[in-house]
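Read through the structure below, which is laid out as structure tokens, and then see the notes.
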Amino acid sequence: MTTTELGPTVDTDASLPPGAPLDVLVIGAGQAGLSMAWHLARRGVRYLLVDAAPEVGHSWRSRWDSLRLFSSARYDGLPGADFPAAPDSYPGKDQVADFLAAYAERHAFPILNDTEVTRLIADGRGLTAHTTAGRLNARRVVVATGAFQRPVVPAVADSFTGVRQLHSSAYRRPADLPPGRVLVVGAANSGLQIAAELAATHHVTLAAGSNPPAVPQRLAGRDLFWWLTKLSLMDKGPDSALARRMRARGDLVVGNGRRALRAAGVDFRPRLVGASVSTARFGDGTSVEVDAIVWATGFRPDYSWIVADGVTDPSGRPRHDGGRSLAVPGLWFLGLPWQRTRGSALLGFVQRDAAHLDTRMFARTPAR
């Protein structure tokens, strides 16, 4: 694959004129993009994956050292491949990264790493992606950039001085934080997992404005996802009663209940409402002095690089019908939370949405 001098336009096939449109450009080479690639390869169309990361699996490999999936390996496969671990084990983040990298290499998917898409423009004839490697033209584009895009840190962070601060996406291990008291802000899965780990070496205060429902990782000897699948809860759609409850109360917390964390010494406080130098103030009027903060405050979607009106709603989330953009013909999304079901953004379940997109994108072109 080369970049021509004129343009520049990425030439993905020397047998075609420079700039000839791809059938499908997939933006993102994580589990969603790779699942899509598996279907595109079987169909025999001209496609390419681009990813800003230096290698496949980078986003997983870059997360904190002790991270483990809360779904067992039985439910972590990709199209045509089971996860290479004991079915009832819980893979670590490096195992996931290795699996994705080996999967991409085994199938020889065409992937341009170290390639960021800076603009995506629809011109009426197709879509043009402006990338750090040049321009790419495509008849269809699948945006598979995942749910973790722009880390969110609240404005109150600016009121702390002399305090080590990390977003959960930059946290790696307890030894990277100074000794003393650590404030973890956020009580979803990441915040509770990090608080549990830090409790062994630090005094931990956890601030949370909500109390999402907690469930054990195993029930009656079965993995939680066995039950969720058996009861068809993983198939519930975005307009279901389950989805409405989870949006109101927060996603399920798996395996790290508050009772166990309190027993480990974690001090729970309500919402963080203010700060001054190293003092954190909470919604109940209490305060503590802190030496470090981990902001487990989630991520915000960022599709500002898609140059088209009406692509996102006021909250910044794509306007779509099961993954098909409602604003731009030929534009599709994959791997969004609750895109079609509860499992849409999860490793092992995103492949179902990839199959759905493949069918819809090529409704008049039979698969080979």
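Structure values in brief
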quantity: Some residue of the stretch 231-248 being touching a helix residue (DSSP H, G or I) at 6+ places or on another chain (Cβ under 7 Å), among the basic types (Lys, Arg) and surrounded by 14 or more Cβ atoms within 10 Å (Cβ to Cβ); calculated: yes
quantity: Given (1) surrounded by fewer than 21 Cβ atoms within 10 Å (Cβ to Cβ); (2) modelled with pLDDT of 95 or more; (3) closer than 24 Å to Thr312 by Cα, index of the condition Gly92 fails; calculated: (3)
quantity: Members of the stretch 297-315 that are in contact (Cβ under 8 Å) with a residue 60 or more places away in the chain, small (Gly, Ala, Ser) and more than 21 Å from Asp251 (Cβ to Cβ); calculated: Ala308
quantity: Arg68 vs. criteria more than 24 Å from Asn189 (Cβ to Cβ), surrounded by fewer than 22 Cβ atoms within 10 Å (Cβ to Cβ) and charged (D, E, K, R); calculated: no
quantity: Output for the stretch 317-349, where each listed residue is among the small types (Gly, Ala, Ser), touching a helix residue (DSSP H, G or I) at 6+ places or on another chain (Cβ under 6 Å) and under 14 Å from Ala144 (Cα atoms); calculated: Gly323, Gly335, Ser344
quantity: Per-region count, the stretch 189-230, residues in contact with a helix residue (DSSP H, G or I) (Cβ under 8 Å, 6 or more places away or on another chain), hydroxyl-bearing (Ser, Thr, Tyr) and either modelled with pLDDT of 90 or more or in a strand (DSSP E or B) (or both); calculated: 2
quantity: Hits in the stretch 225-269 (condition: aliphatic (A, V, I, L, M) and closer than 23 Å to Leu347 by Cβ); calculated: Leu228, Leu231, Leu233, Met234, Leu242, Ala243, Met246, Leu252, Val253, Val254
quantity: Any hit, the stretch 117-125, residues being within 16 Å of Ala52 (Cα to Cα), of a type in the set (A, V, I, L, M, F, W, C) and either in the same structural domain as Val184 (by TED's automatic domain parsing) or crowded, with 20+ Cβ neighbours inside 10 Å (or both); calculated: yes
quantity: Residue match in the stretch 341-360 (condition: surrounded by fewer than 18 Cβ atoms within 10 Å (Cβ to Cβ) and in contact with a strand residue (DSSP E or B) (Cβ under 9 Å, 6 or more places away or on another chain)); calculated: yes
quantity: Qualifying residue in the stretch 156-167 (condition: within 21 Å of the chain's Cα centre (by Cα) and of a type in the set (Val, Ile, Thr)); calculated: no
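Let's see how each residue does on (1) within 30 Å of Arg119 (Cα to Cα); (2) of a type in the set (Val, Ile, Thr); (3) at pLDDT 95 or above:
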| site | (1), (2), (3) |
| --- | --- |
| Val45 | yes, yes, yes |
| Leu48 | yes, no, yes |
| Ala52 | yes, no, yes |
| His58 | yes, no, yes |
| Gly80 | no, no, yes |
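The values are calculated or read from the model by the stated rules, or taken from the named source; none is laboratory data. Because the structure is a prediction, the values reported are computed rather than measured. Virtual Cβ from ideal backbone geometry, glycine too; neighbours counted across all protein chains shown.
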